[in-house]
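Written below as structure tokens is the structure these notes are about.
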Amino acid sequence: MMARIPVLLCAILLSVPPLFGQGDLRRTLLVRIDSVRETDLAKSGIIAYDDYRPRGILSLVRDTAQVLVTHAEAELLRERGFRCSVLMEDTSELQLVRRAAYGATMRLEPPYHSSMSLMREVDSLRKAHPSLIRVFPIGNTTQEHQPIYAVKIAARVGKDNDRPSILINGCHHSNELLGAEICLGFLHDVAAKYGKDPEVTRWLDEFQIVVVPVVNVDGHNVVTSGQDPRWRKNRRDTDGDGEVRYPEGVDLNRNYNFNWAQGGSGDVGSERYRGPFPFSESEAAAIAALAREERFLCSITYHSQGEVIYYPWTWGGRKAPDDRLLTAMARDIAGSIVTMRGDTCYKAEYGAGLVGQSYTWLYGTLGTFDFVVETGKGASFVPPHEVNGVVRANLQGIYTLLRRAEGPGLLVHVTDAVTRVPLSAEVWFPGIETEDVQRRTSHPRSGILHRLLMPGLYDIIISRPGYRPVVLEKILVGPSGWTVREVSLQKTSPR
Ligand SMILES: [Zn+2]
């Protein structure tokens, strides 16, 4: 989950318990409520949903809720006509939330994967398609030093590295399991369709797609091993006593170096603890290093839940410089993903700009159009029988992104006028880019910048210290594909 404020006021529930005896204050009951609507439960004023803590409503998937209540609250719910059945009574919150998340077996069931089983499956896929798939580590986790893997899928993988790169990633938050499953489902689907489906074949020919199914490997293991379904942050031992206890850890999606200080929380115990300094956590730093190397044109970052897409941004009332295009793309992607209920599609909404999240960093620093897809509805991970449906629906979102990533756009290739060596240079669109974002630069290795644009006329200023700047006026970007401009920079004459 990203930046939502708890939907309902927990204050309502504070007014309830004092009516009853002291013994009623602890929520020791896990109750299932059938045939219930979110609005009815909310209006009851008895229990509330909290995005970040297992309080009150633990899940509400389709029309079944699981709630954590006191005896008095359970009675009140029954009196109000809710169809309640007690699933478990226990003084341990952990046991209750495990029962709610994992079901009667108290274990995570297939088709969910552990990060190990997921990477084993990726490796079989790689062996079956060696010319398409490459697997490589991008770093190690902060606490347990486990490798974090990226999977590159492209025709002639490892060659023609100047093609536009696209990133798909999941599980910054380890209990938001669907992201990893969508990443894996995507790899299976495109590997099987390459050479058969003309669109998929074209995408793998034109792009390099980098998939990081599980960013928060340590936390993911805690959730998938059945230990603790609440685990969202990484496993940083924040008090340094050698043991990691819930809710320790750093929120990896508040640890990025873009408006870091304004985002998340400085409170170590918060589920949105931003960490001691930007990129203090090696998981976030690994994604940043990968992004600096690949210069992703666009990306999808999976979180859960809500069936909504957040995109850059609204920042003190200001929109992102590329607002028109970002909004059009976000709406397109959202409109292509059918909700679990099947009667409507995901919604697109502005995300907050003043947060140290991955999407603000990717867009603000590097110019990557990142779309945060909050997938699934009603729980940080939905029951196992719902997984394949959510994965299939979300593949359409990725395919919509890939269609838009084919252009229209501008490819600027910057070289030294004399040596022909590729140059990293600032490629500034003064009519678009404000000071809210860092200047976009061409890649040091290739001298190339890919930039998606609305069709139209653009002025561009290309500059690099030690060279004479070049101004391109009224460059026409057509309705489709890449408009290419070769720019050679002349060194300023030495004094
Ligand atoms: Zn999340």
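Tabulated data
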quantity	calculated
One residue from A328, A285 being assigned by TED's automatic domain parsing to the domain that holds G378, surrounded by fewer than 21 Cβ atoms within 10 Å (Cβ to Cβ) and more than 24 Å from E349 (Cα to Cα)	A285
Residue pairs meeting the criteria (Cβ under 9 Å; at least 6 apart or on separate chains; first assigned by TED's automatic domain parsing to the domain that holds V373 and more than 22 Å from L402 (Cα to Cα), in the stretch 336-348; second of a type in the set (V, I, T) and assigned to a loop (DSSP other than H, G, I, E, B))	M340/V382
Test: residue in the stretch 482-494 that is among the hydroxyl-bearing types (S, T, Y), free of Cβ contacts under 8 Å to residues at least 60 places away in the same chain, more than 17 Å from D162 (Cβ to Cβ) and not in a strand (DSSP E or B)	yes
Lone qualifier among V214, V222, V244 - being within 14 Å of the ligand (Cβ to nearest atom), over 28 Å from S424 (Cα atoms) and buried (at least 17 other Cβ atoms within 10 Å of the Cβ)	V214
Qualifying residue in the stretch 292-310 (condition: within 18 Å of the chain's Cα centre (by Cα), assigned to a strand (DSSP E or B) and more than 16 Å from the ligand (Cβ to nearest atom))	yes
Exclusive hit being surrounded by fewer than 22 Cβ atoms within 10 Å (Cβ to Cβ), out of contact with any Phe, Trp or Tyr (no Cβ under 9 Å at 6 or more places or on another chain) and not assigned by TED's automatic domain parsing to the domain that holds C298, set G431, G466	G466
Top-ranked residue in the stretch 263-287 [being more than 24 Å from V151 (Cα to Cα) and among the aromatic types (F, W, Y); ranked as nearest to the chain's Cα centre (by Cα)]	Y273
Neighbours by Cβ (under 6 Å, 6+ apart or cross-chain): first from the stretch 298-318, closer than 28 Å to R341 by Cα; second more than 13 Å from the ligand (Cβ to nearest atom) and charged (D, E, K, R)	S299/D370; T301/D370; Q305/K377; E307/K377; V308/K347; V308/E349; Y310/E349
Tally, over the stretch 331-346, of residues that are under 18 Å from the mean Cα position of the chain (by Cα) and either assigned to a loop (DSSP other than H, G, I, E, B) or crowded, with 23+ Cβ neighbours inside 10 Å (or both)	5
Pairs where the first residue, in the stretch 267-284, is on the phi < 0 side of the Ramachandran plot and the second is surrounded by fewer than 20 Cβ atoms within 10 Å (Cβ to Cβ) and outside any loop (DSSP other than H, G, I, E, B), C-beta under 7 Å, 6+ apart	R272/S265; Y273/S265; R274/S265; S282/N140
Residue ID - nearest to the chain's Cα centre (by Cα), chosen from residues in the stretch 149-174 that are more than 16 Å from the ligand (Cβ to nearest atom) and of a type in the set (G, A, S)	A150
Conditions (1) away from the ligand (no atom under 16 Å from the Cβ); (2) surrounded by 14 or more Cβ atoms within 10 Å (Cβ to Cβ); (3) assigned by TED's automatic domain parsing to the domain that holds S304: number failed by P137	(2)
Condition check for P444: touching a Pro at 6+ places or on another chain (Cβ under 9 Å), free of Cβ contacts under 8 Å to residues at least 24 places away in the same chain and outside the structural domain of T314 (by TED's automatic domain parsing)	yes
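Here's the yes/no breakdown for (1) part of a loop (DSSP other than H, G, I, E, B); (2) within 14 Å of the ligand (Cβ to nearest atom); (3) modelled with pLDDT of 95 or more:
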site	(1), (2), (3)
R230	yes, yes, yes
G249	yes, yes, yes
Y256	yes, yes, yes
P278	yes, no, yes
A285	no, no, yes
R324	no, no, yes
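The values are calculated or read from the model by the stated rules, or taken from the named source; none is laboratory data. Model, not experiment: these values are computed from the prediction. FYI the Cβ positions are ideal-geometry reconstructions off the backbone, even for glycines, and counts take in every protein chain you see.
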